[in-house]
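K.L.:
Structure provided below as structure tokens; questions to follow.
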Amino acid sequence: MHSFDLLLNQPLPLLILGVFIILAAASEIGFMAGRWISRKFGKSKELPIDVDNNVSTITNSSLALLALFLGFTFSSALDHFEKNREAVTNEATAITTAYNVIKLQPVFF
């Protein structure tokens, strides 16, 4: 569990770069495996390489991951804002309560 915590404590740009590299490598490995399986078990011996299709797969999945990162970042920022707002509200309530308690105390001269 400690290595997973170490991974999550890395800077966000480094994590995003790592995910994109893994995504591109997995897409390329899948493309090569698909060509190999098609040549080995398919009827056609040579398949044309469709670079545009492979690039669009990487682009689409990268944009989807970017949207997820952006969504989670906004969610985290909203959660942080709500916690700060709640803390300010609690502090204002505490000050108001203390002021009201002081007004109820008898005055000694």
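Computed from the coordinates by the stated procedures, all read-outs in this text should not be read as laboratory data. Keep in mind the model is a prediction, meaning the values are calculated, not measured. Ideal geometry is used to build each Cβ from the backbone, glycine not excepted, and the neighbour counts take in all protein chains shown.
K.L.:
Would you please name the trypsin sites (Lys or Arg not before Pro) within the range 6-43 that are DSSP coil residues with at most 11 other C-beta atoms within 10 Å of their C-beta? Can you show the working numbers first?
P.N.:
Working: sites: Arg35, Arg39, Lys40, Lys43; in loops: Lys43.
Answer in residue order: Lys43.
K.L.:
Here's a follow-up. Calculate, in nm to one decimal, what Thr97 and Leu23 gain on full extension: separation in residues at 0.36 nm each, minus their alpha carbon distance. Write down the numbers at each step before the final one.
P.N.:
Details: separation 74, 0.36 × 74 = 26.64 nm, distance 5.56 nm.
Taking 0.36 nm per residue and subtracting the Cα distance, the gain is 21.1 nm.
K.L.:
Ranked highest first by average number of other Cβ atoms within 10 Å, how do 67-75, 21-29 line up? Could the numbers behind the result be given before it?
P.N.:
Numbers: 67-75: 10.7, 21-29: 12.3.
The densest-packed peptide leads the list: 21-29, 67-75.
K.L.:
Multiplying the sequence separation of Ala67 and Arg39 by 0.36 nm and subtracting their Cα-Cα distance, what value in nm do you get? Could you put the intermediate results ahead of the total?
P.N.:
Working: separation 28, 0.36 × 28 = 10.08 nm, distance 3.60 nm.
Full extension from Ala67 to Arg39 adds 6.5 nm.
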